[in-house]
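**Q** What follows is a single structure, and I will ask about it in a moment.
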Amino acid sequence: MSNIRSQEGIIGLYDILGYKNFLNNNSFDTAVKDIDNVLKTIANSDKYITKKVFDIFMRSHNANEILVKKLLRQMKWFVFSDTIIQVSTFKKDERPGNKYNKWLVFLIASLVLNRYMFKSGLPLRGAITTGNFLFRKLCFAGKPIIEAHELANSLDLSACVIIEEAYNEVATLINSTKYENVKKLFNALIIEYRIPKNNKSTNKDNQNQKSLFTLNLLVPKALKLGIIKKDIDLYKYVLNKFEMHNKRVNEKEVRKVENTKKLFECLIDFAKTGKIT
């Protein structure tokens, strides 16, 4: 235990929705092949995530590819069955500029992951937290991990939310920068949305809906807005992602589909008007 030390940093925890359904309705070989493609994408960021993060990062920030690759190498990914954990740690007395870069790359990498998984028919629900935690190899402990796990499990849709403490920390860092394009990206990247909760929530205040800071999967736009002309088209689009890989959508999953559709409607309106309705 002497080798395990407390570290400050960022935790992202994501669950794959319908994973048990996915395993039950596919042969072992098919399931392994599909999930292996996902794991390769997560593990080998140089081939996918680095390029995507760099493309988005460079639109708003005067950075170079070497810096982005360095920050992504420092970030760790772990996969346990249907759970993906993203970790970025801060050094003791980390300079605000370094924290700012780590936060921005972390959020963009989370955006890329969530969007890729949704497009691949394995929608995620997740939460991003910050604070002190114990972390060594495959050993995790600490309040931020518990918070991320409980918050992610309470979501009744496919979405990634950010706890208020984490949002306030990164917002302070972003607002102190001289890069106006970064501020513009950040304000579009995270919106405040009334997130529907499931009945598993132990907090009575969280059982129906709560306004939470939510990652905007349409930044930069992930859907060709012109294709989605009616609500039924958007519903079918979301339903298709929940049904991919022979997954069966039961009553509980239908509610998640409907709630995800409503979130996407809001994000589309936000992309058009710059306002949350």
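**Q** Under the definition of Cα pairs under 8 Å and six or more residues apart, what whole-number percent is the relative contact order of the stretch 78-163?
**A** With pairs under 8 Å counted, the relative contact order is 24 percent.
**Q** Related question: Among the listed pairs 69/247; 70/252; 76/272; 143/210, which have their C-alpha atoms separated by more than 32 angstrom in this model?
**A** The pairs that break the limit, which is 32 Å between Cα atoms, are 69/247; 70/252; 76/272.
**Q** At what distance in nm do the modelled label points of residue 258 and residue 120 sit from each other, each positioned 7 Å from its Cα along Cα→Cβ?
**A** Going by the 7 Å Cα→Cβ label model, 3.0 nm.
**Q** While we're on this one: Residue 192 versus residue 164, label points 7 Å from Cα toward the beta carbon: distance in nm?
**A** It is 1.0 nm.
**Q** Calculate, for residue 92 and residue 27, the FRET efficiency according to 1/(1 + (r/R0)^6) with r their C-beta to C-beta distance and R0 45 Å; round to the nearest 0.05.
**A** The computed FRET efficiency comes out at 0.35.
**Q** Rounded to the nearest 0.05, what FRET efficiency do residue 237 and residue 134 give with R0 = 41 Å and r taken as the Cβ-Cβ distance? Could you check?
**A** Efficiency computed from Cβ-Cβ geometry: 0.50.
**Q** Ok, one more. Order these peptides, 105-113, 261-269, by their mean beta-carbon neighbour count within 10 angstrom, highest first.
**A** Output ranking for 105-113, 261-269: 105-113, 261-269.
All of the numbers you see were taken from the coordinates with simple rules; none came from a lab. Just so you know, these numbers come straight off a predicted model, no measurement behind them. Backbone-built Cβ (ideal geometry, glycine too); neighbour counts: all protein chains shown.
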